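Peer 1: Structure provided below as structure tokens; questions to follow.
The values are calculated or read from the model by the stated rules, or taken from the named source; none is laboratory data. For clarity, every value in this text was computed on a predicted model and none was experimentally measured. Virtual Cβ from ideal backbone geometry, glycine too; neighbours counted across all protein chains shown. Only protein heavy atoms, including side chains, enter the accessible area calculation; ligands, DNA and RNA are left aside. Shrake-Rupley method; radii C 1.70, N 1.55, O 1.52, S 1.80 Å.
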Amino acid sequence: MKNIVILGGGTAGTIMANKLRQALEKDEWNIVLIDKEKTHYYQPGLLFIPFDIYKKQDVIKPKMNFFPSGVDVIFSEIERIEPDMNQVVLVDDKHIKYDILIIASGTSIRPEQTPGLMDNLWYNKIFDFYSLEGALALRDFLRKWEGGTMLINIVDLPYKCPVAPLEFAFLADEYFTKKGIRDKVKIKYVTPLSGAFTKPRANKMLSGLLEEKNIEIIPDYYIERVDNEHSSIVSYDNRELNFDLLAIVPLNMGSDMIERSGIGDDLNYVPTNKSTLQSEKFENIFVIGDAANLPTSKAGSVAHFASDILFENILSFIENRPLKAHFDGHANCYIETGFGKGSLIDFNYDTEPLPGTFPLPGIGPFGLLKNTKMNHYGKIMFRWMYWHLLLPGKELPIEPLMSMAGKCEKC
Ligand SMILES: Cc1cc2nc3c(=O)[nH]c(=O)nc-3n(C[C@H](O)[C@H](O)[C@H](O)COP(=O)(O)OP(=O)(O)OC[C@H]3O[C@@H](n4cnc5c(N)ncnc54)[C@H](O)[C@@H]3O)c2cc1C
């Protein structure tokens, strides 16, 4: 009997467990999945909690609901990987041998990495919305807040779902407008990027939307510390910005277990072949989702598209065939823009988000880089698809590799 061990049972690990269990003979391949947490968080839903649109129950479900039968699930903190011994060590010193290892341990926020961030203003005037705890605390704060200056700040790149802080800004604009206090709130979008988004056309469209909604962009801003006494943030080039409310995307880092294993980069991401998804260093280790150092967005959609490629390549690896499936970095993100509308971007390693229609040329029904009601419905529908189709590893009507159909390069 051989062993495939999957580290992390979030979006990517769950999809891989479902796909592989269906395909591999149970008397030949044992599949072990290890995760420290029993609850699955629908992370895109966290964004809606501060604005009282979703409740806690809308974004959490037991992880066990999504793991297939025939997978050995271990709920434990992973201490480290010992690649030279082909084994994983758990915190209780249990050793688990593998023939193939899939790392799907994601990324998480590290507020402790920014000086002053977690001092007395944390969850008092400063909140994150990337954790359930932060989103709920911010919701309680906003229910009572009467206005002032709100900064939305991104600490550094890369961070998961690069459009999430923009969506947060758009939803905040809608929330304060409906509450009748928009004229009492200054919203400033403070980002290390030189605009709203990295790629030129998406940047133009999204910067335009921020401007339309009277949200000021403060670009090229790298926060150095929080000054708790003056309620301000200070950048490395000494620009000080005061706030009454700071909604922050703290530094994102891969799992500490990667650091303890000595196989990651400075931010604990695993060097991974961007095409085959095989570890750069160990041929029986594969990496999927936010844990990998791929030059594309850290997003659930990327994990989902990559899962088809990784599935093919693992079957090839088992049969000693060359790894022929190639990932193109395909990402597809709905962007909630407020007041019942949304936008959509679809891109890969080489092609920036382009205008057009998706998935069908001329028909859509979704509009790329457009602000439409249909795109908003796409975002809302996605939660159902996530729980019922995506996590169980079922086929979705979207190809894993990006298609140029419907995209307009010259528009
Ligand atoms: C606010 C927000 C909005 C988002 N919106 C979108 C969106 O609209 N569209 C989109 O595509 N993506 C979105 N994302 C991103 C998306 O949720 C993630 O990219 C996706 O979940 C990544 O999947 P993953 O499997 O790589 O990591 P995760 O789903 O985070 O899973 C990692 C798992 O590894 C486990 N783990 C880590 N270290 C250890 C250890 N040492 N021991 C044991 N277990 C460990 C964790 O417990 C976790 O279960 C959003 C994220 C946030 C925060």
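Peer 1: Exactly one of these conditions fails for K63: (1) free of Cβ contacts under 8 Å to residues at least 12 places away in the same chain; (2) closer than 27 Å to F311 by Cα; (3) basic (K, R). Give me its number.
Peer 2: Going through the list (1) free of Cβ contacts under 8 Å to residues at least 12 places away in the same chain; (2) closer than 27 Å to F311 by Cα; (3) basic (K, R), K63 breaks only (1).
Peer 1: Inside the range 253-273, can you point out the residues that are touching a helix residue (DSSP H, G or I) at 6+ places or on another chain (Cβ under 8 Å) and within 21 Å of E37 (Cα to Cα)? Walk me through how you get there before you give the answer.
Peer 2: In the first step, residues of the range 253-273 are kept if they are touching a helix residue (DSSP H, G or I) at 6+ places or on another chain (Cβ under 8 Å); the result is 253-255, 258, 261, 263-264, 268-270.
Across the range 253-273, the qualifying residues are M253, G254, S255, I258, S261, N268, Y269.
Peer 1: Which of the following residues is buried (at least 21 other Cβ atoms within 10 Å of the Cβ) and of a type in the set (K, R): K213, K298?
Peer 2: On the way: K213 fails: buried (at least 21 other Cβ atoms within 10 Å of the Cβ).
Unique residue meeting the criteria: K298.
Peer 1: Let me ask something else about it. Name the residues in the range 177-201 that are open to solvent by less than 50 Å² (accessible area, probe 1.4 Å) and assigned to a strand (DSSP E or B), would you?
Peer 2: Matches in the range 177-201: V185, I187, K188, Y189, V190.
Peer 1: Go through (1) on the phi > 0 side of the Ramachandran plot; (2) surrounded by 21 or more Cβ atoms within 10 Å (Cβ to Cβ); (3) over 16 Å from the mean Cα position of the chain (by Cα) for G262 and report which single condition fails.
Peer 2: Unmet for G262, out of (1) on the phi > 0 side of the Ramachandran plot; (2) surrounded by 21 or more Cβ atoms within 10 Å (Cβ to Cβ); (3) over 16 Å from the mean Cα position of the chain (by Cα): (2).
Peer 1: Would you list the strands (runs of 3 or more DSSP E) that sit entirely within the range 70-176 and hold 1 or more residues that are open to solvent by 40 Å² or more (accessible area, probe 1.4 Å) and near the ligand (Cβ under 10 Å from one of its atoms)? Give the steps one after another, and end with the answer.
Peer 2: Numbers: elements: 71-75, 78-82, 87-90, 95-97, 100-103, 107-109, 126-128, 148-154.
In the range 70-176, the matching strands (runs of 3 or more DSSP E) lie at 71-75, 78-82, 107-109.
Peer 1: Restricting the first residue to the range 10-21 and requiring it to be within 17 Å of I74 (Cβ to Cβ), which pairs with a second residue that is within 9 Å of the ligand (Cβ to nearest atom) and of a type in the set (V, I, T) meet a Cβ separation below 7 Å and a spacing of at least six or different chains?
Peer 2: Within 7 Å, the pairs are M16/I288.
Peer 1: Restricting to the range 316-358, count the residues that are in contact with a Leu (Cβ under 7 Å, 6 or more places away or on another chain), surrounded by fewer than 22 Cβ atoms within 10 Å (Cβ to Cβ) and within 16 Å of S301 (Cβ to Cβ).
Peer 2: 2
Peer 1: So, in the range 233-259, of the ones that are surrounded by fewer than 17 Cβ atoms within 10 Å (Cβ to Cβ) and not basic (K, R), which residue ends up nearest to L401 (Cα to Cα)?
Peer 2: For the range 233-259, the residue satisfying everything is E259.
Peer 1: Which of the following residues is open to solvent by less than 30 Å² (accessible area, probe 1.4 Å) and either more than 20 Å from the chain's Cα centre (by Cα) or more than 20 Å from E336 (Cα to Cα) (or both): G378, G406?
Peer 2: On the way: G378 fails: either more than 20 Å from the chain's Cα centre (by Cα) or more than 20 Å from E336 (Cα to Cα) (or both).
Step by step, each of G378, G406 is checked, and only G406 is open to solvent by less than 30 Å² (accessible area, probe 1.4 Å) and either more than 20 Å from the chain's Cα centre (by Cα) or more than 20 Å from E336 (Cα to Cα) (or both).
Peer 1: Further, regarding this structure: So in the range 374-393, with the set limited to residues that are under 19 Å from P62 (Cβ atoms) and in contact (Cβ under 8 Å) with a residue 40 or more places away in the chain, which one is farthest from the ligand (Cβ to nearest atom)?
Peer 2: Among residues in the range 374-393 that are under 19 Å from P62 (Cβ atoms) and in contact (Cβ under 8 Å) with a residue 40 or more places away in the chain, the one farthest from the ligand (Cβ to nearest atom) is P392.
Peer 1: While we're here: Considering the range 1-57 alone, what residues qualify as being of a type in the set (D, E, K, R) and within 10 Å of the ligand (Cβ to nearest atom)?
Peer 2: D35, K36, E37, K38
Peer 1: Pairs needed: first member in the range 168-188, more than 18 Å from I154 (Cβ to Cβ) and modelled with pLDDT of 95 or more; second member anywhere, open to solvent by 10 Å² or more (accessible area, probe 1.4 Å) and within 16 Å of the ligand (Cβ to nearest atom); C-beta distance under 7 Å; at least 6 residues apart or different chains.
Peer 2: Y175/F51
Peer 1: Being over 20 Å from D350 (Cβ atoms) and of a type in the set (G, A, S) is the filter; apply it to the range 271-318 and report the residue that is farthest from the chain's Cα centre (by Cα).
Peer 2: The extreme case among them is S316.
Peer 1: A further question on this structure: Do we find that L354 is of a type in the set (A, V, I, L, M), closer than 16 Å to M404 by Cβ and away from the ligand (no atom under 16 Å from the Cβ) in this structure?
Peer 2: Values: of a type in the set (A, V, I, L, M): yes; closer than 16 Å to M404 by Cβ: yes; away from the ligand (no atom under 16 Å from the Cβ): yes.
The answer is yes for L354.
Peer 1: Further question on the same structure: Just to check your reading of the model, which residue among E211, E280 is without any contact (Cβ under 8 Å) to a residue 12 or more places away in the chain, touching a Pro at 6+ places or on another chain (Cβ under 8 Å) and more than 14 Å from the ligand (Cβ to nearest atom)? Lay out the reasoning, then the answer.
Peer 2: Numbers: E211 fails: touching a Pro at 6+ places or on another chain (Cβ under 8 Å).
Residue meeting the stated conditions: E280.
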